[in-house]
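The values are calculated or read from the model by the stated rules, or taken from the named source; none is laboratory data. Computed from a predicted model, the values in this text were never measured in an experiment. Because the Cβ atoms are built from the backbone with ideal geometry, glycine has one as well, and the counts that use them run over all protein chains shown. Accessible surface is based on the protein model in full, side chains and every heavy atom, while ligands, DNA and RNA are left aside. Shrake-Rupley method; radii C 1.70, N 1.55, O 1.52, S 1.80 Å.
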Amino acid sequence: MNKGFIINDSITDGANGIEFHYWLKRENDVAKVIFTGEKAIFFIESDTELSADRRFERKSLNLKAFNGRKVDGLYFKFQKDYLQVKKEFEERGIRTYESDIWANDRFLMERFINGSFEFNGPSQNTKGYETFVNPNIKSCSFVPKFEIMSLDIETSLGTDLYSIAIHQIGTEEIKKVYMIGDLEDRDGVEFFQTEKDLLVKFLRDFQDFNPEVIVGWHVIGFDLKFLEDKCLSLGLKLNLGRNNSEVRLDQRANGQWFANINGRVVLDGPRVLKLAFYQFENFKLSTVSKAVLGGNKDIEAEGSEKVEEIERRFHEDKFSLAKYNLLDCTLVLDIFSKLSLVDHLTKRVLYSGLLLDKLGISTRAFDHIYLPKVHRKGFVANNVLDIQKEKASLGGYVMEAKAGLHEHVVVLDFKSLYPTIIKTFKIDPIGRLHGNIDPVTTVTGVQYSKKEHILPGIIDELLLKRAEAKRNNDQNLSQAVKILMNSFYGVLGSAGCRFYHADLASSITETGQWILKQSIQYIEENGHKVVYGDTDSLFIKLNFLEVGSRDQTANDLAKKINNFLSEKIKKRFSVESHLEMEYEKYFSKLFLPFSRGGDQGTKKRYVGLLGNGELYFSGMEYVRSDWTKLAKKFQFELFKKYFHGESLEEFIKDFVAEFKSGLFDDLIIYKKRLSKPLDEYTKSNPPHVKAAKLLREKNPDMFIKDVEYVMTRFGPIPASFEIKDVDYSHYIDKQLAPIGNDVLKFLEKDFDDIVSGSQMTLF
């Protein structure tokens with residue numbers, strides 16, 4: 001049997017009907033697998049009257065919709081007929097079911113194939129790869145080693161192509177730069193007189209390099225788009241696919257770019273990092289490489305200064321530009337390698353069923369896993385657009401913090417709270433339909449069947465797999481399973497899910513609230529003080545005699561809560577509890593602020609001093625992207641001194657004085673994203689919009705999404721402009737004072753009183 005990992009897929013109408021094409025990476029090469037003679041299908045209610053139509057075959061099925069209506073299947077030989085009839089039915093008001101699922105996706109999910117499969121049958125060699133038609137297949141778990149190419153281009157500010165660099169790893173390592181110029185080739189740099197000559201040679205070599213994975217930084221929306229436009233202008237085609245097929249680029253409504261290349265997949269660095277839940281100050285290559293690798297780009301400048309330096313090197317020192325171009329490729333590869341990003345993504349493919357370029361669409365992952373099991377229970381699902389969200393469910397319980405400074409606090413946390421609630425209380429779309437069969441009634445009063453359900457079993461399998469991954473120290477697999485499990489609650493509460501029902505999400509969250517409140521009551525009735533609680537975590541103050549054995553005490557507390565909940569849930573709901581609370585961390589000191597402008601403890605904001613001496617911020621300005629580096633620096637140093645009992649007054653006075661002297665002028669940039677196109681801001685002009693409009697005046701063709709600006713005495717100015725007359729009083733009042741008063745309030749002092757002497761003489 002051959003084993004292959006699916007790189008990408010497509011659906012097309014062949015001469016004899018629908019064809020599914022899958023490109024798969026085997027151990028040492030890539031193969032193409034084609035399935036013919038398959039049918040596309042959607043469902044209609046059985047009492048729907050239709051005239052005879054040669055475009056489809058209607059079959060009576062032993063299936064029904066969630067509303068209880070019996071359904072028939074319409075089977076289509078051609079995809080074009082499927083799409084046409086679907087559109088006609090929509091226009092005529094004929095209700096369909098599952099007509100928004102692509103046939104090639106259904107083909108995989110109904111066979112429980114997640115990203116890879118075994119296949120066997122006759123084949124033929126075609127243009128350097130092996131093609132299988134209608135082989136026997138079965139599911140497997142297989143991930144090969146990939147040929148990975150990092151691609152980067154350098155251009156002028158206009159439309160001139162300067163160079164293309166590639167760095168490929170896999171069977172062998174390849175480093176090469178293609179550059180415009182009349183110098184002699186050396187050190188892996190090849191020169192060409194014209195852009196067309198360069199591109200022709202690059203495209204020819206690319207087929208020999210033959211990568212399965214292409215990586216880069218904004219590689220689709222910039223590099224590939226630029227190359228596509230350049231090829232078009234020169235009468236060429238950007239043929240990067242296998243058998244010299246052309247690249248197909250697509251920009252979605254949200255601005256995200258996607259590339260479809262036969263037998264290859266493109267992974268864009270920033271998107272992959274966000275998919276893997278990494279957070280950085282920003283997602284510029286220089287920022288990420290410095291944070292991950294500790295290294296720097298060859299050109300540190302940004303904006304116009306960067307373009308000027310690139311143009312200078314191109315005209316004066318081409319080999320220096322080639323070095324810079326290639327280094328960017330290497331940095332991207334090193335980031336992917338250091339963070340094991342490809343391994344992370346492939347393991348998510350194996351558990352979500354979504355292919356590499358479709359990861360992150362949690363509703364589709366849920367469909368892939370859940371829908372085939374629904375069919376085997378005798379049901380079909382709604383179309384997503386037919387779902388109407390009835391009401392928003394309550395979130396998790398967040399306890400009002402007991403504001404102030406607390407010593408010796410342990411944090412207990414429920415492992416996978418929402419997934420284990422689903423498993424314990426059998427919360428499930430199918431289980432809700434069968435709620436009268438051996439029911440468990442949740443705290444919301446909704447009944448779910450203890451016997452007829454699907455999702456609890458899926459979660460049980462995933463929990464076992466995650467435990468195995470942890471035992472094997474496979475962090476990528478553990479995270480892949482965790483991401484998938486934790487998405488289930490959000491999916492069930494989303495109108496973008498075809499299985500949405502208001503009872504499902506509310507059953508989960510309100511049960512979670514009940515569990516947390518019951519745990520708090522138990523803890524406090526047994527001699528401990530809970531200073532804060534949030535969704536799945538409890539912050540418990542230790543008694544004085546317990547501090548010396550804090551770890552043992554915390555573990556014992558977690559065990560007692562688990563036993564308490566198990567008994568209570570068994571007695572009230574007649575089900576076995578799968579909830580598990582565990583000891584997460586210890587704070588030698590924990591600060592819980594008041595809400596700003598009030599005398600109540602705030603929620604989701606705190607700072608703690610961990611047992612190892614490190615500061616831990618949650619929800620505070622230090623970890624928020626919409627506050628300046630100035631605020632972050634001030635808050636970090638403020639709490640470092642506060643937790644160690646040092647004078648805050650002297651620190652605040654000195655910090656403000658240094659700030660007004662210009663010492664921190666490099667820390668005052670605001671960063672904010674436009675929530676809509678700039679031209680649509682007509683009624684309001686907040687500071688970031690004003691700055692963006694100034695940018696637009698200077699560069700009318702500039703696409704603006706993220707805005708960086710500085711507050712001056714003349715208003716907000718783009719950070720890329722020459723900055724004069726910084727409005728220091730603005731930053732003192734809006735950035736420093738609120739942070740300072742969070743702490744000073746408990747010391748019966750005021751920020752303005754401390755700095756007023758120097759602040760009044762500012763100007």
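Figures for the structure shown
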read-out: Residues of the range 355-373 classified as part of a loop (DSSP other than H, G, I, E, B) and without any contact (Cβ under 8 Å) to a residue 24 or more places away in the chain, total; value: 1
read-out: Number of positions in the range 338-348 that are in contact with a Leu (Cβ under 7 Å, 6 or more places away or on another chain), aliphatic (A, V, I, L, M) and surrounded by fewer than 21 Cβ atoms within 10 Å (Cβ to Cβ); value: 0
read-out: Subset of the range 524-542 (residues that are β-branched (Val, Ile, Thr) and within 17 Å of Lys603 (Cβ to Cβ)); value: Val530, Val531, Thr535
read-out: Members of the range 705-719 found to be buried (at least 17 other Cβ atoms within 10 Å of the Cβ) and either out of contact with any Asp or Glu (no Cβ under 8 Å at 6 or more places or on another chain) or without any contact (Cβ under 8 Å) to a residue 12 or more places away in the chain (or both), listed by number; value: Val707, Glu708, Tyr709, Val710, Pro716, Ile717
read-out: Single condition Cys497 does not satisfy, out of (1) out of contact with any His (no Cβ under 8 Å at 6 or more places or on another chain); (2) part of a helix (DSSP H, G or I); (3) open to solvent by less than 10 Å² (accessible area, probe 1.4 Å); (4) not hydroxyl-bearing (Ser, Thr, Tyr); value: (2)
read-out: Qualifying positions in the range 586-612 - at pLDDT 95 or above and farther than 19 Å from Val398 by Cα; value: Tyr586, Phe587, Ser588, Lys589, Leu609, Leu610
read-out: Out of Asn114, Asn125, Asn134, sole residue that is open to solvent by 30 Å² or more (accessible area, probe 1.4 Å) and at pLDDT below 95; value: Asn125
read-out: Among residues of the range 566-588, those that are assigned to a strand (DSSP E or B) and surrounded by fewer than 19 Cβ atoms within 10 Å (Cβ to Cβ), counted; value: 4
read-out: Residues (surrounded by 23 or more Cβ atoms within 10 Å (Cβ to Cβ) and either closer than 16 Å to Lys274 by Cβ or touching a His at 6+ places or on another chain (Cβ under 6 Å) (or both)) located in the range 321-337; value: Cys329, Val332, Ile335, Phe336
read-out: The range 238-260: number of residues that are under 21 Å from the mean Cα position of the chain (by Cα) and over 15 Å from Asp223 (Cβ atoms); value: 7
read-out: Hits in the range 107-122 (condition: of a type in the set (Phe, Trp, Tyr) and either touching a Pro at 6+ places or on another chain (Cβ under 8 Å) or within 17 Å of Val374 (Cβ to Cβ) (or both)); value: Phe107, Phe112, Phe119
read-out: Any strands (runs of 3 or more DSSP E) falling wholly within the range 618-730 and containing at least 1 residues that are under 27 Å from Asp752 (Cβ atoms) and hydroxyl-bearing (Ser, Thr, Tyr); value: 670-673, 706-712
read-out: Lone qualifier among Lys201, Lys237 - being more than 23 Å from Glu172 (Cβ to Cβ), open to solvent by 20 Å² or more (accessible area, probe 1.4 Å) and free of Cβ contacts under 8 Å to residues at least 60 places away in the same chain; value: Lys237
read-out: Residue pairs meeting the criteria (Cβ under 7 Å; at least 6 apart or on separate chains; first farther than 30 Å from Lys749 by Cβ, in the range 651-679; second open to solvent by 20 Å² or more (accessible area, probe 1.4 Å) and among the hydroxyl-bearing types (Ser, Thr, Tyr)); value: Lys671/Ser625
read-out: Every residue from the range 620-631 that is open to solvent by less than 30 Å² (accessible area, probe 1.4 Å) and more than 10 Å from Gln735 (Cα to Cα); value: Met620
read-out: Test result for Gly4, open to solvent by less than 50 Å² (accessible area, probe 1.4 Å) and at pLDDT below 95; value: no
read-out: Selection within the range 600-617 - part of a loop (DSSP other than H, G, I, E, B) and either within 27 Å of the chain's Cα centre (by Cα) or without any contact (Cβ under 8 Å) to a residue 12 or more places away in the chain (or both); value: Lys603, Lys604, Arg605, Asn612, Gly613, Glu614
